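Each remark here refers to the structure printed beneath this line.
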Amino acid sequence: MNEQQKALVKGTVPVLKENGVLLTTHFYERMFKHNPELKHVFNMGNQQNKKQQTALAMAVLAYAEHIDNPGILMPVVDSIGQKHTSLDIRPEQYAIVGGHLIASISEVLGDAASEDLLKAWEQAYHELAQLMSGHEQKLYKEKSTKSGGWVGWRPFRVEKKIKESAEITSFYLYPTDNGPVADFLPGQYVSLRLFLPELGLLQPRQYSISCKPNGIYYRISVKKEIGAKQPDGMISNRLHQHIEEGAIIDLSAPSGNFILKQGETSPQVFISGGIGQTPLLSMLEHLVDRKSPVPITWIHGCRNEQVHAFKQHLHHISSQHGKLQQHIFYDVVSDSKTGDILPGWVSLNKIPEEFLYRQAQYYICGPGPFIKTHYNYLLSIGISKDSIHFEEFGPASISAA
């Protein structure tokens, strides 16, 4: 891009801040109208709840703001690239997306979209697509060359289906070809796709791997969305209600950059809400398997004892790791419970100071407001931003900026 084109793109920043979601909503509606086959690739639940439109608006805005130095966005590029490779997105699909994005800019801005502005954004998108697809090709190569790795979709068999609580069920997934499966970094996820008769579409969803790497199978632990009739809960509920032991489902290779930092000798603190414990459980199992001597603090919150998954498993892990301290919060505590359960939502100020280590690595997973609350609290007590890692399930709506 030349300097004039960069200036034109940066000049759209105020418009994107005010009307970014309007633009991306128009873009998705246009794209699905002209290319309905892409409905099989995109999570239509995130379309309905507007999370995808918001996430794309944030990404487009960030790119416009940093058009002089897009390399600063590499952490975001990697996060998006991880998701794209888990969905088997290919370079040729960037051309389809780009065509609809530029057309949407023209249609939404109307007379304000000059020919020069559209050409500037066309060039900007071309360079972004090159950056993204180039990074994704590296990720695909890593997946294909890893022992037990693959690209695209691979059939897996549900070997075991185990109820972990009133709402959460684990699925043990083995490849139908009986070959090995790629190891993964604790905290990563797999994409799974099922056909949804209600929508007449194949739909992909990401689920964290909830076990340690073992080279044989993956375990995902899925929350049933009680009463959910929207697309974002349909896949989880279909797994609960219709997918039994012996069923075959397609998986993509593990992806994701919310991972346990390797080689760490500092204490580890895990903070989760509800189903957010699944990637953290993989990290914890890995540390225990490696006989890591570091102190570990496990902080978890859920509604009550009935929905608290992996209770006994965590007790077993505690017996293996002498330096693991658990702090469990229930929204509602039954009269029969002893003082080992803290009432109410997770509150870090109720955790004894000696278990919130100053030099620890912190991992937070849960809903966006849950993450924001605990991220800000940790900053307020002097924990370095670089030591706090988080993942919000679904398209990102928060950042550490």
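Throughout, read-outs are computed from the coordinates displayed, never taken from laboratory work. The model shown is predicted, which means the values in this text are computed figures rather than measured ones. Positions of Cβ are backbone-derived with ideal geometry, glycine not excepted, and every protein chain shown enters the neighbour counts.
Annotations
- Mean separation of Cα contacts under 8 Å, 6 or more apart, over the residue count of the chain: relative contact order %: 15 percent
- Kirkwood Rh in Å, taken over all unlike Cα pairs in segment 3-145: 15.7 Å
- Between residue 37 and residue 202, the modelled labels are 1.1 nm apart [label points 7 Å from Cα along Cα→Cβ].
- The convex hull built on the alpha-carbon positions of segment 268-391 has an orientation-averaged projected area of 7.3 nm².
- Share of Cα-Cα pairs in segment 176-229 lying beyond 19 Å, as whole percent: 43 percent
- Estimated from helical segments only, the mean residue ellipticity of the chain at 222 nm is -13000 deg cm²/dmol, where each DSSP H run of four or more residues counts as -39500 (n - 2.57).
- Modelled spin labels at residue 358 and residue 17, positioned 7 Å past Cα toward Cβ, are 3.8 nm from each other.
- Expressed in units of 2.2 N^0.38 Å, where N is the residue count, the Cα radius of gyration of segment 141-287 is 1.04.
- Length available on full extension from residue 4 to residue 29: 0.36 nm per residue minus the Cα-Cα distance, which gives 5.9 nm.
- Comparing 158, 168, 144 along the charge dipole axis of segment 114-171, the residue lying farthest to the positive side is 158, per the Cβ-charge model.
- Spherically averaged projected area in nm², based on the convex hull that wraps the Cα atoms of segment 214-308: 8.3 nm²
- As computed over segment 99-194, the Cα convex hull volume per residue (Å³): 176 Å³
- Pairwise label distance in nanometres, residue 122 with residue 74, each label 7 Å out on the Cα-Cβ vector: 3.1 nm
- Comparing 22, 42, 57 along the charge dipole axis of segment 1-117, the residue lying farthest to the positive side is 42, per the Cβ-charge model.
- Fraction of C-alpha pairs exceeding 34 angstrom in the chain: 34 percent, rounded to a whole number.
- Overall dimensions of segment 319-393, expressed as equivalent-ellipsoid semi-axes from the Cα gyration tensor (√(5λ), whole Å, largest first), are 23, 17, 12.
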